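The values are calculated or read from the model by the stated rules, or taken from the named source; none is laboratory data. On a predicted model such as this, the values are computed, not experimentally measured, just so you know. Please note: Cβ atoms are built from the backbone with ideal geometry, for glycine as well, and neighbour counts cover all protein chains shown. Just the protein is used for accessible areas: all its heavy atoms, side chains included, with ligands, DNA and RNA removed. Shrake-Rupley method; radii C 1.70, N 1.55, O 1.52, S 1.80 Å.
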Amino acid sequence: MKIQFDPKQQYQLDAVSAVVDIFDGQPLEQPEFSVIHQEEDTGLFRGQLRTELGVGNRLTLSDDQLKSNVRAIQDRNDIENPGETALESWPIMGSEGEFVRHAFHYSVEMETGTGKTYVYLRTIFELSRRYGFKKFIIVVPSVAIREGVLKNIEITREHFRALYNNIEFESFVYDAKRVSKLRQFATSNTIQILVINIDAFRKNFIGTEDEKKSNVMYQERDGLSGRRPIEFVQATNPIVIIDEPQSVDSTDRSQEAIKALNPLCTLRYSATHKNPYNLIYRLDPIKAFELRLVKQI
């Protein structure tokens, strides 16, 4: 027996739109299949970053445009916003220590049991449909939640294919014994969804006496032409979805690990945010109860 999903739940559509509309004004990327280096922001390559390591997400909107979009979304969703204050973000630095760009954070609050995982999975497909973004990483705090995410991807696969015109996508779990999969993640021009536990890449001691204690993600591998697995991830500018951020990046080391992924941005989903950075949608216990989504507060 197949589980049937209702694609018209308005509160879920509102949560999806809150994220998708952040990038309003971003041109739709035109697909190309060769892996080449293209620096000019013109023609077929607008919206997509291409390097010798693979194909990555590319954001062409200015910080001011992103902030304007976020403030409009917050107003629409009755969320108090700080006006002209800059959006909260992490600075992304280059190989020489120079500032490259901001990785902005966006938070979605959803009460437990209201379909948080469904919402962020659907958001992936909407972001791809609207803007051509293709590289996504879901970071989870534990093996149990990781398995739950995988199960959700499995049972919604046909549902999303029906909604999005049989779109091709690949999902997989990071496995330190099969890091060559990250090359495929980088070079593929289809939607890629990588699910990874924070513990799998939290330890980075490169450049110190404890370098050998680093997670495999940071170690040079012969099977990757002497490159580190993290380099293939970084080349994609992935959109990083953090499931339960209060448990995932609650320490400095965890935050540094996620920054090392070179995220285009982070999308944070939880019912109990510790730090609701740039909150754009809220389905709190009272609203969930009023919508009859939960039985009691």
**Item:** Single condition Y218 does not satisfy, out of (1) over 24 Å from E168 (Cα atoms); (2) at pLDDT 95 or above; (3) open to solvent by 30 Å² or more (accessible area, probe 1.4 Å)
**Value:** (3)
**Asked** So which pairs qualify, if the first residue must be in the stretch 58-87 and outside any loop (DSSP other than H, G, I, E, B), the second must be of a type in the set (D, E) and at pLDDT 95 or above, the Cβ gap must be under 7 Å, and the two must be at least 6 apart or on different chains?
**Response** N69/D21; N69/D24; I73/D21
**Message:** Which pairs turn up if I take residues in the stretch 201-214 that are outside any loop (DSSP other than H, G, I, E, B) and look for partners that are surrounded by 13 or more Cβ atoms within 10 Å (Cβ to Cβ) with beta carbon separation below 9 Å, at least 6 apart in sequence or on another chain?
**Reply:** E211/F205; E211/Y218; E211/Q219; K212/F205; K212/Q219; K213/K203; K213/F205
**Asked** Out of the residues in the stretch 233-290 that are open to solvent by 10 Å² or more (accessible area, probe 1.4 Å) and among the basic types (K, R), which is farthest from N215 (Cα to Cα)?
**Response** K287
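This table checks each residue for (1) of a type in the set (S, T, N, Q); (2) over 19 Å from I258 (Cα atoms); (3) in contact with a Leu (Cβ under 6 Å, 6 or more places away or on another chain); (4) open to solvent by less than 30 Å² (accessible area, probe 1.4 Å).
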residue	(1), (2), (3), (4)
V55	no, yes, no, yes
R58	no, no, yes, no
K67	no, yes, yes, no
R71	no, yes, no, yes
D78	no, yes, no, no
T85	yes, yes, no, no
I92	no, no, no, yes
R101	no, no, no, no
**Asked** Could you give every pair whose Cβ atoms fall below 8 Å, whose first residue belongs to the stretch 115-132 and is at positive phi, and whose second residue is not hydrophobic (A, V, I, L, M, F, W, C), counting only separations of at least 6 or pairs across chains?
**Response** G115/Q9; G115/Q12; G132/E29; G132/Q30; G132/P31; G132/G47; G132/Q48
